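Read-outs throughout are calculated quantities, based only on the coordinates presented, and are distinct from any laboratory measurement. All values reported here derive from a predicted model rather than from experimental measurement. Virtual Cβ from ideal backbone geometry, glycine too; neighbours counted across all protein chains shown.
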Amino acid sequence: MKLILFAQAPYQHLPEDFEHRFESAVTTPYSLTTAERVCAAYQDLMEILLHGARCGFDGLAMTEHSQSPSDMVPNPDLIASALAYVTEAAGLDVAICPVGRSLGKSREPVRVAEECAMIDVMSRGRLVAGFPVGLAYDACINNGIPPLAVRGRFEEGLDLVLRAWQDPHPFAWNGRHGQYPSVNIWPRPVQQPRPPVSITGIGNPRTMATTFERDLGFTYFGWFGANLTGGRVFERFWEIGERAGVARNPYRLSFLQTIAVAETDEQAARDYGRHVEYFFRKNLGALRPEMIALPGGIDINGVRALLRDPGDLGMVDKMRDATFDQLRAAGAVIAGSPETVRDGIAQFAAEYGIGNLYAQLSFGSLPRDLAMRNVSLFAEQVAPALRGLWAEHDHHWWPRRLGGAP
Amino acid sequence: MTRDIPLTVFGGRLTVHVKALGDGDPLVYFHPAAGLALDPFVQGLAARYTVYAPEFPGTSAGDPYAVHQVDDVWDLVLVYEEVIRGLSAWGCPAVGASFGGMLAAEVAATFPDAFGRLVLLDPLGLWRADQPVADWVSAAPADLAALLYHDATAAPVLPADPAAAIEAIASAVWSTGCTGKFVWPIPDRGLAKRLHRIAARTLIVWGEQDRLAPVGYAEEFRSRIAGAEVAIIPDSGHLPQVEQSAAAQRAVTGFLAR
């Protein structure tokens, strides 16, 4: 199993009653911040990820949010490029995994292709690119894309990026969403024929089918409560794969889980409880449902399915006042002693065929020193037991330089 | 008795379903963003006219992906031109509400002889920074009634049967998404530059308490369309044809009969 450390740059000092007074995106008043605390968020992010690289994680991951205090990273490639340089200079052989460069949102897919190629070059072939369709509020409100156009833009952007990486000759692109007289990016990726790609989604069957059709990975974020949603989503994923006639290889599937490790279960609750609550309450808990589902963004059949059975959304409607115990019970977080965490993840991964774990070990208001300890404990006492899982499979969605077989 | 007239247009790429009711002279009705409702206002028009109400591409039952055949307002205008000619209704009166008002105005500006008379009920399509049009697409369902109606109790109630309610919500949400493609994120596609081309005698009807597109927009439309008249409907929000159906009916039929 591949273990990738995932981190964000949240604003960590929102008021106690934030989730009852404000929204966590689009309208959040910037007057809640101080410049010093905003600066600290990025220092923490870089230090935590670099600590992960030194502790032996297989990869470092970050994503994209905009106009939100939950994660002040408007483009994951900015963080990824800085890490590509530092890890190369320091001889740290980790994958660089920007999981969130949304192609449904981007109006500049050629630039996305070039940015990713640049990260692949700077890291000398360690990029694992991640392209989500796009969060509704981010693609549509922050970036002005009509909800109905997001998926078409994503599919066209994906075609364009993959071709821009691989076509040796300049080509003209006459798309529905963009036209370019000559696409000929510099640099081109180091990895041949192209860097591995994973598509991030929340359970839409069409997104899953796309990954099988194009032989890409699929990444699922477990924030809605993986005990509630994971079984449904992962079983759907493998069923779609089976129908497509694709052999089951767990390395196709990545799963992001919020994790908190301490010496004992009780210690984990004491050390992490309120920071876990901060993360979920002031992030998903302070987001109106419309922000993740705008009219036109979800197919009419998807709307019908969600109205009949909103199970894919897990406990999202209870996040605003969710307690640590509720979040742990729903699987939004796995917290406890190294044994508890190890057993929980191993069982979940084995049951659903998960080959890549994106471990989110810093979250909400968790101070840097506690986050560092969480990373260390995970690396020393949890990771060794998970590494051997799926050793019988080849990893076709991982850089060759790092042992993958793309 | 409502008839369904399927018209294949746009080089065969699209079938527009037109609902037809009544049996007088033809009149074309352009429905609002959430889809066609054959409400008392439309029924009232059908007492005097044959009302042809084209369903916006993507909003017809069983054909949701038709919307993907149309990319922009220019495509839409050409589709509707073919539909109106196909109905042999060229030169007839047209009534458009909200999003449908914008669409009717676009057709009338592009083809000045398309309609003999034009009625626009709280039409979209213009933008004033000091009176921004509210965002109905991303509004919470609980806030939508207050945005659309002066008195929120005027809002139609959902069917009691859960399955029918799901169908009603899904279809209103999808219709809002289909029409939203052509006005998101700001409902201004340059109509202000084209309104002067409208040659039809025009009535602009506005709900006095419209919170979605404030009544100040009535003057913005009037000043750009030669000879246009304005009728303000009191105690009404954005949908006077729903909230003050009788008053809206009187204003519209009175204007069309003159």
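Electrostatic tally near A:K282: other residues with Cβ closer than 13 Å to its Cβ, Lys and Arg +1, Asp and Glu -1, net -3. Please report the antiparallel percentage of the DSSP beta bridges confined to chain A, to the nearest 5. Percent antiparallel among DSSP bridges in chain A is about 10.
Electrostatic bookkeeping for B:S171 treats Lys and Arg as +1 and Asp and Glu as -1; over the other residues with beta carbon under 13 Å from its beta carbon, the sum is -3. Ellipsoid semi-axes for segment A:265-310, based on the Cα gyration tensor and the rule √(5λ), read 34, 13, 6 Å when sorted largest first. What is the Cα centroid distance between segment A:1-42 and segment B:70-107, reported in whole angstrom? Measuring centre to centre over Cα atoms gives 47 Å.
Segment A:152-192 and segment A:255-269 have Cα centres lying 42 Å from one another. Mean per-residue shielding of peptide A:241-254 is 0, counting Cβ atoms of other chains within 10 Å of each Cβ. Annotation: amide H-H contacts under 5 Å for B:F115 (H modelled 1.01 Å from N, sequence separation of 5 or more, or interchain): B:G91. A Cα-only calculation for the protein assembly as shown places Rg and Dmax at 27.6, 86 Å.
Positive contributions from Lys and Arg (+1) and negative ones from Asp and Glu (-1), summed over other residues with Cβ under 12 Å from the Cβ of B:E82, come out at 0.
Within segment A:131-253, DSSP assigns beta bridges of which about 40% are antiparallel (rounded to the nearest 5). Close amide H contacts of B:E208 (hydrogens built in the peptide plane, cut-off under 5 Å, sequence separation of 5 or more or a different chain): B:I233, B:D235, B:S236. Exposed loop sites here mean GluC sites (Glu not before Pro) with a DSSP loop assignment and at most 11 other beta-carbon atoms within 10 Å; chain A contains its longest site-free run at A:17-391. Mean separation of Cα pairs under 8 Å and 6 or more residues apart, divided by the residue count, gives chain A a relative contact order of 22 percent. Our summary gives segment B:107-258 a relative contact order of 34 percent, counting only alpha carbon pairs under 8 angstrom and 6 or more residues apart.
With both partners inside segment B:1-73, how many of the DSSP beta bridges are antiparallel, as a percent to the nearest 5? Percent antiparallel among DSSP bridges in segment B:1-73 is about 75. Based on the alpha-carbon gyration tensor of segment A:229-374 and its eigenvalue square roots a ≥ b ≥ c, which shape applies: rounded if a/c is under 1.5, prolate if not and a/b is larger than b/c, or oblate? Oblate, because a/c is 1.5 or more while a/b does not exceed b/c. The loop-placed chymotrypsin sites (Phe, Trp or Tyr not before Pro) in segment A:199-272, going by DSSP, include none that has at most 10 neighbouring Cβ atoms within 10 Å of its Cβ. Under the simplified labelling scheme, the A:T33-B:S88 pair shows an inter-label distance of 6.5 nm, with each label point 7 Å from Cα along Cα→Cβ.
Reducing segment A:101-139 and segment A:356-393 to their Cα centroids gives an inter-centroid distance of 25 Å. In order along segment A:399-405, phi translates into HN-Hα couplings of x, 4, 4, 9, x, x, 10 Hz, rounded to whole numbers, per the Karplus curve 6.51 cos²θ - 1.76 cosθ + 1.60 with θ = phi - 60° and x for Gly and Pro.
Figure legend: label point modelled 7 angstrom from the Cα of A:Y42 along Cα→Cβ; residues of segment A:4-36 with amide N under 19 Å from it are A:7-13, A:30-36. Relative contact order of segment A:324-389, taken over Cα pairs closer than 8 Å and 6 or more residues apart, is 36 percent. Shape analysis of segment B:144-250 places it in the oblate category; the axes a ≥ b ≥ c from the Cα gyration tensor give an a/c of at least 1.5, with a/b not above b/c. Peptide B:179-189 has a mean shielding of 4, counted as Cβ atoms of other protein chains within 10 Å of each residue's Cβ. Against the empirical 2.2 N^0.38 Å (N residues), segment A:84-169 has a Cα radius of gyration ratio of 1.20. The stretch between A:V86 and A:R320 holds 80.4 nm of extra length on full extension. This uses 0.36 nm per residue minus the Cα-Cα distance. With the Cα gyration tensor of segment A:33-135 giving a ≥ b ≥ c as the square roots of its eigenvalues, does the rule (a/c under 1.5 for rounded; else a/b larger than b/c for prolate; else oblate) give rounded, prolate or oblate? Taking the square roots of the gyration eigenvalues as a ≥ b ≥ c, segment A:33-135 is oblate.
For chain B, taking the reciprocal of the average inverse distance between every pair of different Cα atoms yields a Kirkwood hydrodynamic radius of 18.1 Å. Annotation: lysines with alpha-carbon distance below 25 angstrom to A:K282 (same-chain offsets under eight excluded): A:K105, A:K318. If you take all C-alpha pairs in segment B:1-69, what percent of them are over 21 Å apart? Of all Cα-Cα distances in segment B:1-69, 24 percent exceed 21 Å. Partner aspartates and glutamates whose Cα lies under 12 Å from the Cα of A:K2, excluding those fewer than 8 positions away in the same chain, are identified as A:D58, A:D394.
Summing -39500 (n - 2.57) over the DSSP H runs of n ≥ 4 in the protein assembly as shown and dividing by its residue number, what mean residue ellipticity at 222 nm do you reach, to the nearest 500 deg cm²/dmol? It comes out at -11500 deg cm²/dmol, rounded to the nearest 500.
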